[in-house]
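Taking it in order: structure first as structure tokens, then the write-up.
The values are calculated or read from the model by the stated rules, or taken from the named source; none is laboratory data. This is a predicted model, so every value here is computed, not measured. Backbone-built Cβ (ideal geometry, glycine too); neighbour counts: all protein chains shown. What goes into the accessible areas is simple: the full protein's heavy atoms, side chains included, and nothing from ligands, DNA or RNA. Shrake-Rupley method; radii C 1.70, N 1.55, O 1.52, S 1.80 Å.
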Amino acid sequence: MFFQGKLSVVIPAYNEEKLIQWALQETCQSIAAFMEDFEVLVVDDGSTDATRALCRAAAEENQHIRMVGLVEHAGKGRALCAGTALAQGNYVAFCDADLELHPSQLENFMERLLRHDADAVIGCKLHPESSVDYPFHRRVLSLGYYALLRLLFNLDTQDTQSGLKLFRAAPIKQVMKAVLVKRYAFDIELLSLLQENGGKIISAPIMLQFNRVSSRIRLKDILDMFLDTLRVFYRLRILHYYQRHPDNQEILTVVESAEIFPNTTEYK
């Protein structure tokens with residue numbers, strides 16, 4: 001079954017020279033199974049290795065791949081903002097470069113998005129139908145963070161940090177312009193703004209095999225994420241900052257300074 005419309009898959013990448021070519025090829029093959037019209041936007045977040053050159057080479061060989069190269073390393077959130085701004089599809093998906101959450105699962109996400117007339121489908125490790133294999137301490141952290149988010153934001157999803165997400169393009173492009181967080185609480189800010197703007201968010205089960213040996217959560221990372229989350233709450237619920245500042249000009253600056261190959265679109 002092929003879905004109508006165009007899907008843009010945004011993949012942020014930072015120093016991923018060992019796996020990025022495989023990840024891009026795997027993603028294209030997976031998406032081609034259920035979308036006739038699609039693009040894969042790989043956003044190099046200022047890598048210091050050969051990631052950008054490999055992404056450019058992949059784009060030269062495959063017409064479905066586009067490379068966006070940021071001037072400097074700014075964090076996963078900023079890379080996703082840039083990729084979303086440049087996406088040409090009716091739908092926009094986020095996928096991590098390591099493919100721990102395989103992009104083939106986006107077919108189920110798409111079916112759920114259309115069936116429930118939703119604006120966003122978020123992969124959820126806590127979904128009763130999910131099949132996950134990841135460390136116990138990560139489970140504890142996920143449950144604790146979910147409890148905090150329910151208290152502060154009452155979000156319609158149990159798992160905001162999943163790397164696999166699918167959105168309708170129009171609403172996500174609009175709220176993306178107001179996002180300020182570059183790293184730890186990026187997902188919280190994005191989903192909170194989407195829900196605040198009336199967006200319908202639903203969860204989907206995922207299959208997750210935790211396999212990146214180098215992935216470690218440090219105490220500093222946990223503290224930074226907690227503080228960023230509180231800052232988002234303060235701006236959203238106390239200052240009502242986003243109502244007064246719906247457009248973040250920094251996104252425009254980042255996009256305009258990026259290397260885009262092939263350069264077939266303009267920021268909207």
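Against the numbered list (1) of a type in the set (Asp, Glu); (2) farther than 19 Å from residue 95 by Cβ; (3) under 16 Å from the mean Cα position of the chain (by Cα), residue 61 comes up short only at (3). With respect to residue 121, is the statement that it is of a type in the set (Val, Ile, Thr), touching a residue at least 12 places away in the same chain (Cβ under 8 Å), open to solvent by less than 50 Å² (accessible area, probe 1.4 Å) and not in a helix (DSSP H, G or I) true? Considered against the rule, which asks whether it is of a type in the set (Val, Ile, Thr), touching a residue at least 12 places away in the same chain (Cβ under 8 Å), open to solvent by less than 50 Å² (accessible area, probe 1.4 Å) and not in a helix (DSSP H, G or I), residue 121 comes out as yes. Beta carbons closer than 6 Å, at least 6 apart along the sequence or on distinct chains, pair a first residue in the range 244-261 that is within 24 Å of residue 59 (Cα to Cα) with a second that is among the β-branched types (Val, Ile, Thr) and open to solvent by less than 30 Å² (accessible area, probe 1.4 Å) for 258/68; 260/68.
What residue, of 93, 33, 57, 97, is small (Gly, Ala, Ser), at pLDDT 95 or above and part of a helix (DSSP H, G or I)?
Result of the check over 93, 33, 57, 97: 57.
Residues being hydrophobic (A, V, I, L, M, F, W, C) and touching a strand residue (DSSP E or B) at 6+ places or on another chain (Cβ under 8 Å) are entirely absent from the range 220-229.
Is it true that residue 139 is modelled with pLDDT under 85 and open to solvent by 70 Å² or more (accessible area, probe 1.4 Å)? Against the criterion (modelled with pLDDT under 85 and open to solvent by 70 Å² or more (accessible area, probe 1.4 Å)), residue 139 qualifies.
Here the range 26-43 is the region considered, the condition is being of a type in the set (Asp, Glu) and surrounded by fewer than 19 Cβ atoms within 10 Å (Cβ to Cβ), and the residue that is nearest to residue 264 (Cα to Cα) is 37.
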